[in-house]
Amino acid sequence: MTKILADTSRCVGAGQCVLTDPDAFDQDEDEGLVIVLAPEPSDEAALERARRAALICPSQALSLAE
Amino acid sequence: MTAPQLQTTRSCPFAPPPEHVQLRDLEAPTKVTMPDGQEAWAVARLEDVRALLTDPRFSSDRSRPGFPVLVKQRPKPGMFRPVLLTMDPPEHGPARRAVVGEFTVRRMEALRPRIQQIVDEHIDALLAGPAPADLVQALSLPVPSLVICEMLGVPYADHDFFQNCSTQMLRRTTPPEQRAKAADEIRSYLRDLLAQKRAHPADDLLTRQLPRYDDPEDLVGLAFLLLIAGHETTANMISLGVVTLLDHPDQLAALLAHPALTPAAVEELLRYFTIAEFATSRVAKEDVELGGALIKAGDGVVTLGNAANRDPAAFARGDEFDVERGARHHIAFGFGPHQCLGQNLARLELQIVFDTLFRRIPSLRLAAGVDDLPFKDDASIYGIYELPVTWSAP
Ligand code: HEM
Ligand code: SF4
C-alpha cells in the first residue's frame with residue numbers, strides 16, 4: 001500500500017497540494033502547514049493526484065512510500 | 001571576453017525575447033552582463049530553475065553585492081532591512097510561518113463572495129460610464145488593490161497615493177533617488193498606520209501581526225511587501241489575461257462554454273507570461289554545480305522564467321497558449337521556500353475576474369490594436385499601463 005508522507009518542517013504553506021487534491025490534503029488554520037487527510041490513496045486516480053502533488057510541492061515536503 | 005548583455009525587454013508582448021530562448025537551449029547556463037555592468041549566470045531551463053530555488057546554498061539576500069539587479073545603478077546595500085522575500089534560512093521559515101496561515105486555500109476561498117461583489121461593482125461602474133474606457137483604471141488595478149487593502153486593514157481611500165509610489169518604484173527608468181523617496185513615503189505612511197492599529201486594534205491582518213513583532217519596523221517591511229506585491233502583480237495579470245483571451249476568441253468561447261476550465265486558464269496565463277520572472281534571481285553563497293555550470297561563491301544567478309516556463313523538456317508546445325493545458329508545475333509563482341505567499345489569493349481574484357467579465361460583457365473588445373498597447377517593457381514586473389476597451393450597449 002502506498003502512503004503519502006508529509007514533512008511539515010519543510011512545508012511552506014503554499015497550498016499547492018490542496019489545489020491538487022482537496023480530499024487528500026488540507027492546511028492547518030494557524031500556520032498553513034499541510035495536513036494529510038487521506039494518507040493512503042484509495043485508487044489509481046488518487047495515487048496519480050498524490051504523485052502530482054509531490055511533484056508540484058515547492059518545498060519538496062511530500063513523498064510517497066511504497 | 002565580456003559576457004553578452006542580457007536582453008531585458010520583450011520584443012513580442014506574448015513571448016520571451018529570442019535571446020532568452022537561445023540561452024535556454026545552450027548546453028549549460030552561461031554568463032550574461034546585467035544592466036549595471038555586473039555579470040550573472042543566466043538560468044533558463046525549468047529543471048535548473050527548480051534546482052536553484054530549492055538549494056539553500058543560494059541566497060535571496062538582495063543586499064549581497066553579487067545579487068543580479070535590472071537597474072543601471074545598484075541600490076545602496078543596507079538601505080532596507082531584511083523582509084520575508086529577502087531572508088534566508090534560518091530566519092525565513094519562522095517569518096513565513098508567522099503569516100502564511102492568513103493565506104491558506106481555505107482562508108482565500110472564504111473571501112470569494114466579497115471579491116465577487118467587488119468585481120461586480122466595478123463592472124457595474126464600467127458599464128455605467130462612457131465607452132471606450134481604460135480597463136486598467138476601471139478594473140485591473142482597483143480590484144486587487146481593494147482586496148489587499150481590506151485584508152491588511154489599509155484605508156482604500158489612500159490608494160492613489162501608494163499606487164503612484166509603487167508605479168514609480170517598479171519602473172526601471174525611475175532615478176534611484178526618486179525610487180528611494182517613493183519607498184520612504186509608503187514606509188512612513190505604513191509606520192503611522194501601524195501606530196494607529198496599536199492604539200485601536202481592528203479585525204485585520206496587520207493588527208493580528210502586531211504581537212508577533214518585537215521591532216515594529218520589521219512589520220512595516222512586511223506590510224510594504226504585501227501591499228505592493230498584493231496589487232501590482234495581479235493587476236498586470238488581469239490586463240494581460242483580457243488581451244490574450246480577446247486575441248484567442250476560440251479559447252474564450254471554450255471558457256465561456258465550460259466555466260470549470262477557468263482555473264486551468266488562469267494557470268496557463270500565469271505560465272504564458274511569467275510576469276515576475278526576474279524576482280526569482282539568487283546569489284551563490286558557496287561554489288555550486290548547477291545544470292552543468294560551476295557557479296562560484298558570490299556569483300549572481302538571473303532566472304529567465306518566461307523561457308523556462310516554455311522549456312520543451314517540461315511543456316509540450318510551450319509557446320502555444322492553451323487554456324486546457326492545466327499545468328501547475330510552472331514557476332510563475334517561483335519555487336522552493338519563497339514560492340509566492342499570495343498565490344492562492346491571486347488565483348482566486350483572476351478566476352473571478354475572467355469568469356465574470358466576459359459573461360457580463362460578451363461584446364467586450366479592445367479599442368486599440370494589440371501592437372499599440374503600452375506594454376510594461378521598462379518595469380520589474382511585466383504588464384500593461386493602459387488598456388482601452390469598448391463594448392456594445394447590452
Ligand atoms: C499573479 C500574481 C502574482 C505573481 C505572478 C507573483 C509572483 C511571485 C514570485 C515569482 C515570487 C517568488 C520570489 C522569490 O522567489 O524570491 C513571489 C513571492 C511573494 N509574493 Fe507573489 N506574486 C503574485 C501575487 C501576489 C499577491 C496577491 C501577494 C500578496 C497578497 C503576493 C505576495 C508575495 C510575497 C509576500 C512573496 C514573498 C514570499 C517569501 O519570500 O516567502 N504575491 N511572488
Ligand atoms: S504543496 Fe507542499 S509546501 Fe505547499 S502546503 Fe502542500 S506540502 Fe506544504
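Out of B:D36, B:D25, which single residue is without any contact (Cβ under 8 Å) to a residue 24 or more places away in the chain and away from ligand 1 (no atom under 12 Å from the Cβ)?
Every option except B:D25 fails the conditions.
Can you pull out the residues in region A:1-51 that are among the basic types (K, R) and either exposed (fewer than 15 other Cβ atoms within 10 Å of the Cβ) or touching an Asp or Glu at 6+ places or on another chain (Cβ under 8 Å) (or both)? So that I can check it myself, show each step before the final result.
Narrowing region A:1-51 to residues among the basic types (K, R): A:3, A:10, A:49, A:51.
Of everything in region A:1-51, those that are among the basic types (K, R) and either exposed (fewer than 15 other Cβ atoms within 10 Å of the Cβ) or touching an Asp or Glu at 6+ places or on another chain (Cβ under 8 Å) (or both) turn out to be A:K3, A:R49.
For residues that are of a type in the set (S, T, Y) and in a loop (DSSP other than H, G, I, E, B), scanning just region B:39-92, find the one that is nearest to B:Q22 (Cα to Cα).
The extreme case among them is B:T54.
State all residues of region B:1-34 that are farther than 16 Å from B:Y382 by Cβ, not in a helix (DSSP H, G or I) and not hydroxyl-bearing (S, T, Y); if no residue qualifies, say none.
B:M1, B:A3, B:P4, B:Q5, B:D25, B:L26, B:E27, B:A28, B:P29, B:K31, B:V32, B:M34
Give the residue that is farthest from ligand 1 (Cβ to nearest atom), with candidates limited to residues of region B:277-289 that are within 18 Å of B:D377 (Cα to Cα) and surrounded by fewer than 23 Cβ atoms within 10 Å (Cβ to Cβ).
My answer is B:F278.
I'd like the full set of residues that are within 14 Å of chain A (Cβ to nearest Cβ) and either assigned to a helix (DSSP H, G or I) or among the acidic types (D, E) (or both), limited to region B:107-150.
B:R107, B:M108, B:E109
Look through region A:1-45, keep the residues that are within 24 Å of B:I331 (Cα to Cα) and among the small types (G, A, S), and return whichever of them is farthest from ligand 1 (Cβ to nearest atom).
A:A24
For region A:21-37, give me each residue that is at the interface with chain B (Cβ under 7 Å from one of its Cβ atoms) and not in a loop (DSSP other than H, G, I, E, B).
A:Q27
Can you tell me which residue among B:A367, B:A316 is free of Cβ contacts under 8 Å to residues at least 60 places away in the same chain, away from every other protein chain (no Cβ under 12 Å) and hydrophobic (A, V, I, L, M, F, W, C)?
Answer to the check: B:A316.
Only one residue in B:L255, B:L246 is over 17 Å from the mean Cα position of the chain (by Cα), over 19 Å from B:R10 (Cα atoms), at pLDDT 95 or above and buried (at least 20 other Cβ atoms within 10 Å of the Cβ). Which one?
That would be B:L255, the only listed residue that is over 17 Å from the mean Cα position of the chain (by Cα), over 19 Å from B:R10 (Cα atoms), at pLDDT 95 or above and buried (at least 20 other Cβ atoms within 10 Å of the Cβ).
Could you please find all residues in region B:196-218 being at pLDDT below 95 and crowded, with 16+ Cβ neighbours inside 10 Å?
Correct list: B:Y213, B:D218.
Cβ-Cβ under 6 Å, sequence separation 6+ or interchain: first residue in region B:92-106 and more than 7 Å from every other protein chain (Cβ to nearest Cβ), partner not in a helix (DSSP H, G or I). Which pairs?
B:A95/B:M87
Cβ-Cβ under 6 Å, sequence separation 6+ or interchain: first residue in region A:40-58 and within 11 Å of another protein chain (Cβ to nearest Cβ), partner within 16 Å of ligand 2 (Cβ to nearest atom) and of a type in the set (K, R). Which pairs?
A:I56/B:R328
Residue check, A:S59 against (1) surrounded by fewer than 18 Cβ atoms within 10 Å (Cβ to Cβ); (2) of a type outside the set (A, V, I, L, M, F, W, C); (3) touching a helix residue (DSSP H, G or I) at 6+ places or on another chain (Cβ under 6 Å), all met but one. Which one?
The failed condition is (1).
Under 7 Å between Cβ atoms, which residue pairs at least 6 apart in sequence (or on different chains) link something in region B:53-79 that is on the phi > 0 side of the Ramachandran plot and among the β-branched types (V, I, T) with a partner that is at pLDDT below 95 and away from ligand 1 (no atom under 13 Å from the Cβ)?
none
For region B:56-67, check the following and say yes or no: at least one residue is within 14 Å of another protein chain (Cβ to nearest Cβ) and either of a type outside the set (A, V, I, L, M) or over 23 Å from B:V288 (Cα atoms) (or both).
So the first thing to find is which residues in region B:56-67 are within 14 Å of another protein chain (Cβ to nearest Cβ), and the list is B:56, B:60.
Those left that are additionally either of a type outside the set (A, V, I, L, M) or over 23 Å from B:V288 (Cα atoms) (or both): B:56, B:60.
So far as region B:56-67 goes, yes, one or more of its residues are within 14 Å of another protein chain (Cβ to nearest Cβ) and either of a type outside the set (A, V, I, L, M) or over 23 Å from B:V288 (Cα atoms) (or both).
Identify the residue in region A:17-48 that is of a type outside the set (A, V, I, L, M, F, W, C) and within 9 Å of the chain's Cα centre (by Cα) and, among all such residues, is farthest from B:T104 (Cα to Cα). Walk me through how you get there before you give the answer.
So the first thing to find is which residues in region A:17-48 are of a type outside the set (A, V, I, L, M, F, W, C), and the list is A:20-23, A:26-32, A:39-44, A:48.
Narrowing further to those that are within 9 Å of the chain's Cα centre (by Cα): A:20-21, A:26, A:39.
On the way: A:T20: 14, A:D21: 14, A:D26: 9, A:P39: 20 Å.
Ranking the candidates gives A:P39 first.
Exactly one condition in (1) under 9 Å from the mean Cα position of the chain (by Cα); (2) within 16 Å of ligand 1 (Cβ to nearest atom); (3) within 7 Å of chain B (Cβ to nearest Cβ) is not met by A:A61; state its number.
Of the numbered conditions (1) under 9 Å from the mean Cα position of the chain (by Cα); (2) within 16 Å of ligand 1 (Cβ to nearest atom); (3) within 7 Å of chain B (Cβ to nearest Cβ), the odd one out for A:A61 is (3).
Considering region B:179-195 alone, what residues qualify as being loosely packed, with under 14 Cβ neighbours inside 10 Å and not acidic (D, E)? Working first, answer last.
So the first thing to find is which residues in region B:179-195 are loosely packed, with under 14 Cβ neighbours inside 10 Å, and the list is B:184, B:188, B:192, B:195.
Result: B:S188, B:A195.
Is it fair to say B:A297 is of a type in the set (A, V, I, L, M, F, W, C), under 16 Å from B:I381 (Cβ atoms) and either more than 13 Å from ligand 1 (Cβ to nearest atom) or surrounded by fewer than 24 Cβ atoms within 10 Å (Cβ to Cβ) (or both)?
Taking the combined requirement at face value, the residue does not satisfy it.
The values are calculated or read from the model by the stated rules, or taken from the named source; none is laboratory data. What you see is a predicted model, and the numbers here were worked out from it, not measured in a lab. Don't worry about glycine lacking a Cβ; one is built from the backbone with ideal geometry, like all the others, and counts go over all protein chains shown.
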